[in-house]
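Worksheet: one structure, shown below.
The values are calculated or read from the model by the stated rules, or taken from the named source; none is laboratory data. Keep in mind that this is a model prediction, so the values were computed, not measured. All Cβ positions, glycine included, derive from the backbone under ideal geometry; neighbour counts span all protein chains shown.
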Amino acid sequence: MREFREPVICDKPKIKEILSKTRQTTCEFCFGNIFMWAPVYGAEISMCEHFFVCRSTDEKPSYSVPKGDGDFTKCIGALHEEALSQGNNLELYAITEQEKEELEILMPGKFSFIESRHNFDYVYSVEELATLSGKKFHSKRNHISYFEKNNNWSYEEINSNNMQECIEMNRKWEAQNIEKNPEGIGREEIAITRAFEHFEELELKGGAIRVDGEIIAYTMGERLNDNTFCTHIEKALSDVRGAYQIINREFARNTISEYEFVNREEDLGIEGLRKAKLSYNPVMLVKKYRAVFEG
């Protein structure tokens, strides 16, 4: 096995090629997501038996299911040896239902699986987020109606001309929220900074809302697969009623309308975040598991 190392921008073409063939459905396996969060979670990458593997060293080392083509069981064996050399059993993270079934077929009885509810991805219909039609979106429409009636606003896509303003708006958001979760917001700031620094290289797409000329909300993410976009970050100033609802709707209407679905990532087990994500009526939750090698 090659040495694990931190991902760099020039890894993008090769990794995106591998991941595109596997038709990924989970937010962890967009290259931009891997890159922007790498310093936060100690994410490192390697190639093993023609497979791409990502390792998280944030707490106890854990590995992604190998992505690619080749001798899968040989690659798992190499990862297990890698884990044992550090005094650990092999643990795999962000395993989908399909990958769980494949592991059980290829290596029956070798893994125990733990459901990770706080890591389930929330997937929505882009059309539904763009139109917000029907009774289930009544409260969202009310917030947007209030916003539209009480603000002189506009929507624009993020580019080099407004990126610094988005960064400054993010600092305001942090100041409003830092007391709630100083450690989490501090870690997130590292990822957001990397995303903005490499926005074009990572092929990210984003949108922003202006009120009286000032940006009060923004969002950004990247392509996950042929029919799904993945939203990584969404921020809005809490003192502007309807700001979150309007950036969500306008981004779906104007920037990601070519996609059928949008993956808006996990709730991390945070009660308020889970309630907010469920309130947008996801069309599916992408289940994820952790697996511990018992063989």
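Could you list, in sequence order, the residues of the range 259-281 that are among the charged types (D, E, K, R) and at positive phi? If you could, list the steps in order and put the result at the bottom.
To start, the set of residues in the range 259-281 that are among the charged types (D, E, K, R) comprises 260, 264-267, 271, 274-275, 277.
Within the range 259-281, GLU265 is the sole residue that qualifies.
For first residues located in the range 231-243 and modelled with pLDDT under 95, partners that are surrounded by fewer than 23 Cβ atoms within 10 Å (Cβ to Cβ) and among the polar types (S, T, N, Q) and lie 6+ apart or on another chain with Cβ distances below 6 Å form the pairs SER238/GLN176.
Taking the stated definitions as given, is PHE261 buried (at least 18 other Cβ atoms within 10 Å of the Cβ) and at pLDDT below 95? So PHE261 does not fit the description; no. The test for being out of contact with any helix residue (DSSP H, G or I) (no Cβ under 6 Å at 6 or more places or on another chain), assigned by TED's automatic domain parsing to the domain that holds ILE144 and in contact (Cβ under 8 Å) with a residue 40 or more places away in the chain does not hold for GLU97. Within the range 118-162, the residues that satisfy the criterion of being over 25 Å from GLU260 (Cα atoms) and surrounded by 17 or more Cβ atoms within 10 Å (Cβ to Cβ) are PHE147, ASN151, TRP153, ASN162. Restricting ALA83, ALA38, ALA43 to residues that are at negative phi and at pLDDT 95 or above narrows the list to ALA38. Scanning the range 178-207 for residues that are touching a helix residue (DSSP H, G or I) at 6+ places or on another chain (Cβ under 6 Å) and in a strand (DSSP E or B) yields a single hit, GLY207.
Of the set (1) farther than 25 Å from VAL286 by Cβ; (2) under 23 Å from the mean Cα position of the chain (by Cα); (3) outside the structural domain of GLU214 (by TED's automatic domain parsing); (4) not β-branched (Val, Ile, Thr), all apply to GLY109 but (2).
Could you count how many residues in the range 212-257 are part of a loop (DSSP other than H, G, I, E, B) and either among the hydrophobic types (A, V, I, L, M, F, W, C) or more than 19 Å from the chain's Cα centre (by Cα) (or both)?
Within the range 212-257, the first condition is being part of a loop (DSSP other than H, G, I, E, B), and the residues that meet it are 212-213, 226-227, 237-242, 255-257.
Of the ones still in play, those that are also either among the hydrophobic types (A, V, I, L, M, F, W, C) or more than 19 Å from the chain's Cα centre (by Cα) (or both) are 212-213, 237-242, 256.
Qualifying residue count, the range 212-257: 9.
Within the range 66-77, the presence of at least one residue that is touching a residue at least 24 places away in the same chain (Cβ under 8 Å) and under 24 Å from the mean Cα position of the chain (by Cα) is confirmed. Looking across GLU197, GLU222, one residue alone is without any contact (Cβ under 8 Å) to a residue 24 or more places away in the chain and under 22 Å from ASP11 (Cα atoms). It is GLU197. Checking each residue in the range 41-84 for being of a type in the set (Gly, Ala, Ser) and either surrounded by 20 or more Cβ atoms within 10 Å (Cβ to Cβ) or touching a strand residue (DSSP E or B) at 6+ places or on another chain (Cβ under 9 Å) (or both) picks out GLY42, ALA43, SER46, SER56, SER62, SER64, GLY68, GLY70, ALA78, ALA83.
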